[in-house]
Amino acid sequence: MNPLEAIGLLFALLAATTVLGLVWRARQGRVASVAGDIITPADVASPTAFGPAATLVQFSTELCARCPGTRRLLDAVAEQRPGVVHVDVDLTHRPDLANRFAVLQTPTTLILDGSGRVRARVGGAPSRADISATLDAITQNTTRRTLTTAPGSSHV
Amino acid sequence: MSKPPRARLDPRGPRFGASLTAVLLLVVVFLSLTGASAAALTLLAAITALFAWGALAGAGRHPYGVLFKKFVRPHLAPPTELEDAAPPTFAQGVGLAVTLVGLILGLAGVPGAVGIAAAAAFVAAFLNAVFDYCLGCQIYLLLVRFGVLNRGRRTVGNV
């Protein structure tokens with residue numbers, strides 16, 4: 001192959017890799033709403049109870065560059081909001097949990113509502129604004145639901 | 001295995017090293033495409049040796065890390081936070097595995113092996129350098145899921 005063709009191929013490789021990186025970065029930390037199952041602390045081997053308002057379940061491994069930063073962020077968010085608990089699950093010695101929750105990257109965070117139902121899922125390091133907005137939506141819905149079901153329960 | 005205090009790094013160090021590695025790997029791809037097989041093989045051998053250095057001595061003691069500390073870091077603001085050295089060290093091991101396979105197949109005379117291995121390693125090094133993507137972290141999780149790294153259940157204290 002002559003050098004000019006080779007340089008052309010190098011540029012193609014560079015462009016393809018850049019596109020790959022841009023796609024990856026755009027998907028990082030995106031909050032996806034899901035209608036998931038209700039899970040309990042035992043399901044994720046958590047020694048601490050879930051939060052009455054919401055729970056942030058973070059999956060990490062001991063070899064994960066972004067996990068410590070995400071842990072600090074979610075800890076801080078949980079601390080500021082009453083009833084919200086952050087649980088960090090180390091998958092390093094629990095491949096069964098990694099498979100059960102289909103974790104493909106670390107950190108992966110599940111956002112549970114007050115009943116323990118999985119309402120959202122975040123792959124990669126999330127932003128504080130996205131987590132806060134999702135928690136706002138989840139805790140608001142919960143309050144609204146309790147408010148609307150309250151009159152109905154009177155005729156029971 | 002007890003938990004020794006882990007080495008911590010300026011996270012920009014490994015990314016600086018990855019950018020140097022990416023450039024060198026691109027040169028290997030160019031050499032193998034233009035038919036300079038011997039030169040491509042020699043340069044890939046040197047890159048493989050550097051990966052081995054990083055994987056065995058730790059990402060903090062990599063020659064590029066020394067270059068970074070001496071010539072680059074003095075011109076930068078202090079790091080906002082330090083990072084565990086384990087993920088970039090593991091990444092060096094992944095790079096070593098890929099380039100070593102390319103090197104062995106290249107020495108065995110498999111056509112295209114050197115160029116393809118260098119291109120694969122380039123993708124990982126470039127994504128690491130430019131986008132802060134951690135391939136090692138991803139592969140580590142896959143190894144956990146396939147049970148390769150499951151050394152029995154034990155409780156890991158909260159860090």
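Structural remarks
- Taking all Cα pairs closer than 8 Å and separated by 6 or more residues, the relative contact order of chain B comes to 33 percent.
- Basic side chains Lys and Arg get +1 at the Cβ, acidic Asp and Glu get -1 at the Cβ, and with that the dipole of chain B about its Cα centre reaches some 540 debye.
- Segment A:115-138-segment B:1-55 distance, computed between alpha-carbon centres (Å): 38
- Cα gyration tensor category, rounded, prolate or oblate, for segment B:22-159 with a/c compared to 1.5: oblate
- Residues in segment A:114-129 reached by a label modelled at A:Leu104 [backbone nitrogen below 11 Å; 7 Å Cα→Cβ]: A:123
- Order of A:Val31, B:Val101 under a 10 Å beta carbon neighbour criterion, fewest first: B:Val101, A:Val31
- Relative contact order, percent, chain A [alpha-carbon distance under 8 Å, six or more residues apart]: 30
- Estimated FRET transfer efficiency when R0 is 41 angstrom, pair A:Ala16-A:Ala49 (beta carbons, to 0.05): 0.30
- Selected from A:Ser115, A:Pro3, A:Gln105, residue furthest toward positive end of dipole (chain A; charges at beta carbon): A:Ser115
- Tensor-based shape of the protein assembly as shown (alpha-carbon gyration tensor, a/c under 1.5 rounded, otherwise prolate or oblate): prolate
- Restriction of the chymotrypsin sites (Phe, Trp or Tyr not before Pro) in segment B:91-136 to DSSP coil positions whose beta-carbon has at most 10 other beta-carbons within 10 angstrom yields no sites.
- Förster radius 30 Å - calculated FRET efficiency between A:Ser127 and B:Ser19 (Cβ-Cβ, nearest 0.05): 0.70
- Segment A:31-102 shape via C-alpha gyration tensor axes, a/c threshold 1.5: oblate
- Part-to-part distance (alpha-carbon centres) for segment B:97-143 and segment A:36-108, which is given in Å: 31
- Compactness ratio for chain A: Cα radius of gyration over 2.2 N^0.38 Å (N = residue count) comes to 1.35.
- Extension gain, A:Arg25 to A:Thr40, is 2.2 nm, computed as 0.36 nm per intervening residue step minus the present C-alpha separation.
Values in this text are rule-based calculations from the coordinates and carry no lab data. Computed from a predicted structure; not experimentally measured. Every residue, glycine among them, receives a Cβ derived from its backbone with ideal geometry; neighbour counts consider all protein chains shown.
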